[in-house]
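The values are calculated or read from the model by the stated rules, or taken from the named source; none is laboratory data. What you see is a predicted model; the values in this text were computed from it and never measured. FYI the Cβ positions are ideal-geometry reconstructions off the backbone, even for glycines, and counts take in every protein chain you see. The area values use the complete protein model at the heavy-atom level, side chains included, leaving out ligands, DNA and RNA. Shrake-Rupley method; radii C 1.70, N 1.55, O 1.52, S 1.80 Å.
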Amino acid sequence: MDSRKNIYTKTGDSGFASTMNRKMIPKNSPIFCVLGTIDELNSTLGVAREKMPEATGEIVRSLQKDLIAFSAELAGGSRFATKEKVAALEESIDTIMKSVPEIKEFITPGDTEAGAALDVSRSVARRAERELVSSKQTGGISREAMMWMNRISDFIYALARLMDAELASQQGQKPVAVQAAAAPAAPMQLAVGNVAPMPANSDFLDFSLWLCRAVLDKAKEMHLPVVTAACDAGGNPTALMRADGAYIASVDIAQSKAFTSVSVQMSTEKLGALCQPNGPLYGIQNTNQGRIVIFGGGIPLYRNGVLIGGFGVSGGSAEQDTGLAHYAEEIYKKQL
């Protein structure tokens, strides 16, 4: 005899069910409608995740776990949605949208399979938000829960555009929705003015801190909150500085840019050119647990022809980050 517990309970046969804080209410009540739609959203995200690269798929997996925790809150469990979580979503959305080409028209889903699957999820998220509004009218839904659900559809939209841009690029074409976008500008040329001198007889830690601070100060002149990072020749972090207001996501990106420049012994800008379809390093960004970055902002550091470390900056546009990385290279050479 199979000792496993049956998955059916028969308690809902009458058309009524309970949550942790609502007892025996109709199954078509607003709260069950929104919980069911969030469950549907989670399932569509699972379908989308299977169609995308592992690194982005892990972002979606994390969102799926958050949706489960959010559903538990709506059903009467511990609080999940907070102002801090809403702010974190907003920062993530802004970071993603800065990394894709400018969008100048309404999106027609279907440019890529992963992007289309995410657009289905986005539409389900919008429906879940509408049903959450209906549930709020009966009480028990916080303002933060409404805000978090609203940002989720925007977050999924941003991920869909990221997939369209990345996957279309791998296929050697641009997504239809961004065909009219302007071509990326050339790297910014930043004037090298007076920079505090490098500490005399400094070790690599002192040098890393000096370089991070100098670039942070330059970015401040541009009213640009960024994160700067340095690592040694083995890719081990040695310094990290984050300006007030810099994106949280930029902390990992700046460190990954420094790591990448050391790992491949070239700038991340140059690496990006070699990663185009049919390029000699095509697909390298999918290695090293997703730590390889293929857009500008990372440079290797040499002394007397010997690789001594790497530097990365993140927080601006691709052109701004690349310009700041070139600035770091110039002030370093000037000091030497």
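Just checking, does the stretch 83-99 include any residue being basic (Lys, Arg), at pLDDT below 90 and assigned to a loop (DSSP other than H, G, I, E, B)? No, the stretch 83-99 contains no residue that is basic (Lys, Arg), at pLDDT below 90 and assigned to a loop (DSSP other than H, G, I, E, B).
In the stretch 132-146, the qualifying residues are those that are in a loop (DSSP other than H, G, I, E, B) and within 15 Å of Ala72 (Cβ to Cβ), and the one that is least open to solvent (accessible area, probe 1.4 Å) is Ile141. Return a yes/no flag: does the stretch 280-296 have any residue that is under 20 Å from Trp210 (Cβ atoms), of a type in the set (Gly, Ala, Ser) and buried (at least 19 other Cβ atoms within 10 Å of the Cβ). No, because not a single residue in the stretch 280-296 is under 20 Å from Trp210 (Cβ atoms), of a type in the set (Gly, Ala, Ser) and buried (at least 19 other Cβ atoms within 10 Å of the Cβ).
Matching residues to (1) in contact with a strand residue (DSSP E or B) (Cβ under 8 Å, 6 or more places away or on another chain); (2) at pLDDT 70 or above; (3) of a type in the set (A, V, I, L, M, F, W, C); (4) not in a loop (DSSP other than H, G, I, E, B):
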residue: Met1; (1), (2), (3), (4): no, no, yes, no
residue: Gly12; (1), (2), (3), (4): no, no, no, no
residue: Asn21; (1), (2), (3), (4): no, no, no, no
residue: Phe32; (1), (2), (3), (4): yes, yes, yes, yes
residue: Glu40; (1), (2), (3), (4): no, yes, no, yes
residue: Lys51; (1), (2), (3), (4): no, yes, no, no
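Can you confirm whether Thr260 is open to solvent by less than 10 Å² (accessible area, probe 1.4 Å) and either without any contact (Cβ under 8 Å) to a residue 60 or more places away in the chain or in contact with a helix residue (DSSP H, G or I) (Cβ under 9 Å, 6 or more places away or on another chain) (or both)?
Values: open to solvent by less than 10 Å² (accessible area, probe 1.4 Å): yes; either without any contact (Cβ under 8 Å) to a residue 60 or more places away in the chain or in contact with a helix residue (DSSP H, G or I) (Cβ under 9 Å, 6 or more places away or on another chain) (or both): yes.
It is true that Thr260 is open to solvent by less than 10 Å² (accessible area, probe 1.4 Å) and either without any contact (Cβ under 8 Å) to a residue 60 or more places away in the chain or in contact with a helix residue (DSSP H, G or I) (Cβ under 9 Å, 6 or more places away or on another chain) (or both).
Scanning the stretch 301-315 for residues that are buried (at least 23 other Cβ atoms within 10 Å of the Cβ) and over 15 Å from Asp232 (Cα atoms) yields Val313, Ser314, Gly315.
Taking the options Val47, Val60, name whichever one is more than 23 Å from Asp252 (Cβ to Cβ), part of a helix (DSSP H, G or I), touching a residue at least 40 places away in the same chain (Cβ under 8 Å) and of a type in the set (A, V, I, L, M, F, W, C). Break it down stepwise before answering.
Details: Val60 fails: more than 23 Å from Asp252 (Cβ to Cβ).
Sole residue among the options that is more than 23 Å from Asp252 (Cβ to Cβ), part of a helix (DSSP H, G or I), touching a residue at least 40 places away in the same chain (Cβ under 8 Å) and of a type in the set (A, V, I, L, M, F, W, C): Val47.
State yes or no: is Thr322 open to solvent by less than 40 Å² (accessible area, probe 1.4 Å), of a type in the set (Ser, Thr, Tyr) and within 23 Å of Thr56 (Cβ to Cβ)? Yes. Among residues that are of a type in the set (A, V, I, L, M, F, W, C) and either farther than 21 Å from Val120 by Cα or modelled with pLDDT of 90 or more (or both), Ala55 is not included.
Any chance the stretch 73-84 includes a residue that's surrounded by 19 or more Cβ atoms within 10 Å (Cβ to Cβ) and in contact with an Asp or Glu (Cβ under 7 Å, 6 or more places away or on another chain)? Yes: the stretch 73-84 contains one or more residues that are surrounded by 19 or more Cβ atoms within 10 Å (Cβ to Cβ) and in contact with an Asp or Glu (Cβ under 7 Å, 6 or more places away or on another chain).
Of all residues in the stretch 227-252 being of a type in the set (Gly, Ala, Ser) and under 17 Å from Ser208 (Cβ atoms), which is surrounded by the fewest Cβ atoms within 10 Å (Cβ to Cβ)? Spell out how you get there, then give the answer.
So in the stretch 227-252, the residues of a type in the set (Gly, Ala, Ser) come out as 229-230, 233-235, 239, 243, 245-246, 249-250.
Narrowing further to those that are under 17 Å from Ser208 (Cβ atoms): 229-230, 233-235, 239, 243.
Details: Ala229: 30, Ala230: 28, Ala233: 16, Gly234: 9, Gly235: 17, Ala239: 22, Ala243: 16.
That would be Gly234.
All conditions in (1) touching a residue at least 24 places away in the same chain (Cβ under 8 Å); (2) within 30 Å of Val86 (Cβ to Cβ) hold for Gly234, with the sole exception of (2).
Scanning the stretch 111-136 for residues that are charged (D, E, K, R) and without any contact (Cβ under 8 Å) to a residue 60 or more places away in the chain returns Asp119, Arg122, Arg126, Glu129, Arg130, Lys136.
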